[in-house]
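Data block below; observations after.
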Amino acid sequence: MSGDPWGGGCLRGGDVWGLAFSSIRRQKVRAALTLIGVVVGTFTLALSLAVGQGVDRGIVALFHKDDRLRKIAVHPKWEPNAREVPAADREPVGSMSEAERRRLRKALVRNYRGPATGPRRRVHLDAEALERLAAIEHVERVEPLARITGQAILGVRRHESGVGPVLIGSRIFAERLLAGRLFTPEDDRAAMVHEYLLYRWGMVGDSAAEDAIGKTFRFEYRSAPPGTVDLAWVLDRGAPGPDRRRALESGLRRLAAIARFLPLPRDEREALRQAFDRISVTATSGSVEVYSETFTIVGVVRERDEKDAMPSPFGEWPIMDSEVLIPAHTAAEMSLRGADQAREGFYEVILTVDDEGQVKAVADRIAAIGFEEFSLASIIGTIRMNIRLITLAMAAVAVVALLVAAIGITNTMIMSVLERTHEIGVMKAVGARDQDIRRIFVVEGTALGVFGSSLGMALAWLAGYPGDVIARRIMEPEMRAAVEGALIVYPAWIVVGVPVLVCLITTMAAWYPAARAARVDPVTSLRHE
């Protein structure tokens, strides 16, 4: 016994620790069971936080592989035009409340399918709209996407195909290349073609893809007023030579002329007449313009399969199965040649913002102009919040386990106080003070926390290796992309914070038994057996 460096007692620090460990050694089974609870709680808490931290970093890293978090997809906003719906067709019939009548009136307008009516765009994505979008602060690049359907012609073979506009820097087709290369920013009249198009052109065999590189083909497309269909163009799918096309057009013109005189019921004749009013049946019609472009094949892509990377929502989904792929700026230029297409505008525009932090502000400006917008930045926050909520739920379960362990510590040490009443009396009789007795039991609880948290952290760290492999095998097939970095990580705040929290909980659990031991009366305790 001597002056206490802890602050005024007569027990030395080494004596306090020795007495605490002596108590733990005497009650090996009880201490071991309590220690297991601390280890399990620490292991669960550390591992759940590490998994949440790793998965969150992994998902963010996936999005940061390119500039997707800086992109915004802009679409025209479609609205039903009630003024073009006849009054009789937009007014509900029957007895109903005014609120129900308003709802049904809106539904009638939305579902009306009369001639030359239907949804109307609130704002077109035309050339003027592109200028307005480009003028928004922090917009770095504006890339319009155009749909073009026409015929890809190689020699005497032609095949109806849709053009897929490919954005600058897109690598979605990199793993599907059979031959050739991807586009470069300098490409203009270059094209990548699908292996199916080669097959339709009669190019088959193992060397077909390599043989196609460098060949030129012609793409013929047409411009027609909105709401019309070039029926001859639709029916002439892959027909070789112009003779059959001319015969088809002639037959359709005759059919359109006699449709109203056919021996059919009046309602059927009227339906046919309205249909032919919206159908262009001849390539030489004054409302139809024919355009043609020549492209050089620089790449051939294979058919898509399930193992390929997932396309991004910025212009890649609609072109995954396109048979002709050309640079987006070339497709936009071709689309604007027709007056009607120029007036209708593009179906989508992709904006690239100069800073991720400005995406929301730019999106708000786009919505104010009257367009619909979508950005990954608007949903990644939700994804990360869900990950954090799941992590917090797992951590809460771990904390409950620690609290259970703390109750076990409290119970163990209360029993220890009862069993050591005589020993406490002896220590007080030879000069130990209340704070000395209290420190012995507090140190005992702290020691259980230190050992339990250290062992739990070590087990959690070891579990991170197989756990990372398992998590990667689950996550990568779902994301269809390689995940960079570990999915179970232990930053400093976990390595330091979890043991400190565990030790705090176990120390607090020991405080009541320690205070109870300090209040033991030495005279009474010496009589206790």
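The values are calculated or read from the model by the stated rules, or taken from the named source; none is laboratory data. Since the model is a prediction, treat every value here as computed from it, not as a measurement. Glycine also receives a Cβ, built like all others from the backbone with ideal geometry; neighbour counts cover every protein chain displayed.
Among the candidates 76, 86, single out the residue that is over 18 Å from the mean Cα position of the chain (by Cα), farther than 19 Å from residue 475 by Cβ, surrounded by fewer than 19 Cβ atoms within 10 Å (Cβ to Cβ) and not hydrophobic (A, V, I, L, M, F, W, C).
86 is the lone residue from the list that is over 18 Å from the mean Cα position of the chain (by Cα), farther than 19 Å from residue 475 by Cβ, surrounded by fewer than 19 Cβ atoms within 10 Å (Cβ to Cβ) and not hydrophobic (A, V, I, L, M, F, W, C).
Could you list all residues from the stretch 153-188 that are small (Gly, Ala, Ser), part of a loop (DSSP other than H, G, I, E, B) and within 28 Å of the chain's Cα centre (by Cα)?
169, 170
Condition test on residue 109, is it outside any loop (DSSP other than H, G, I, E, B), under 30 Å from residue 362 (Cβ atoms) and touching a strand residue (DSSP E or B) at 6+ places or on another chain (Cβ under 9 Å)?
no
Report, ordered by the first and then the second residue, all pairs with beta carbons closer than 8 Å, sequence separation of six or more or different chains, a first member in the stretch 177-192 that is without any contact (Cβ under 8 Å) to a residue 60 or more places away in the chain, and a second member that is in a strand (DSSP E or B) and among the basic types (Lys, Arg).
Qualifying pairs under 8 Å: none.
So if I check each of 324, 362, 349, 301, which one is crowded, with 18+ Cβ neighbours inside 10 Å and in contact with a helix residue (DSSP H, G or I) (Cβ under 6 Å, 6 or more places away or on another chain)?
Only one candidate qualifies: 301.
So which pairs qualify, if the first residue must be in the stretch 503-517 and within 23 Å of residue 40 (Cβ to Cβ), the second must be part of a helix (DSSP H, G or I) and of a type in the set (Phe, Trp, Tyr), the Cβ gap must be under 7 Å, and the two must be at least 6 apart or on different chains?
510/441; 513/441
Matching residues to (1) surrounded by fewer than 18 Cβ atoms within 10 Å (Cβ to Cβ); (2) closer than 25 Å to residue 73 by Cβ:
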site	(1), (2)
131	yes, yes
156	yes, no
161	no, yes
181	yes, no
187	no, yes
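Pairs only if they're at least six apart or on different chains, beta carbon under 8 angstrom, first in the stretch 21-47 and more than 30 Å from residue 391 (Cβ to Cβ), second modelled with pLDDT of 80 or more and buried (at least 24 other Cβ atoms within 10 Å of the Cβ); list them, first residue then second.
Here the result reads 24/448; 31/448, each pair linking the stretch 21-47 to a residue that is modelled with pLDDT of 80 or more and buried (at least 24 other Cβ atoms within 10 Å of the Cβ).
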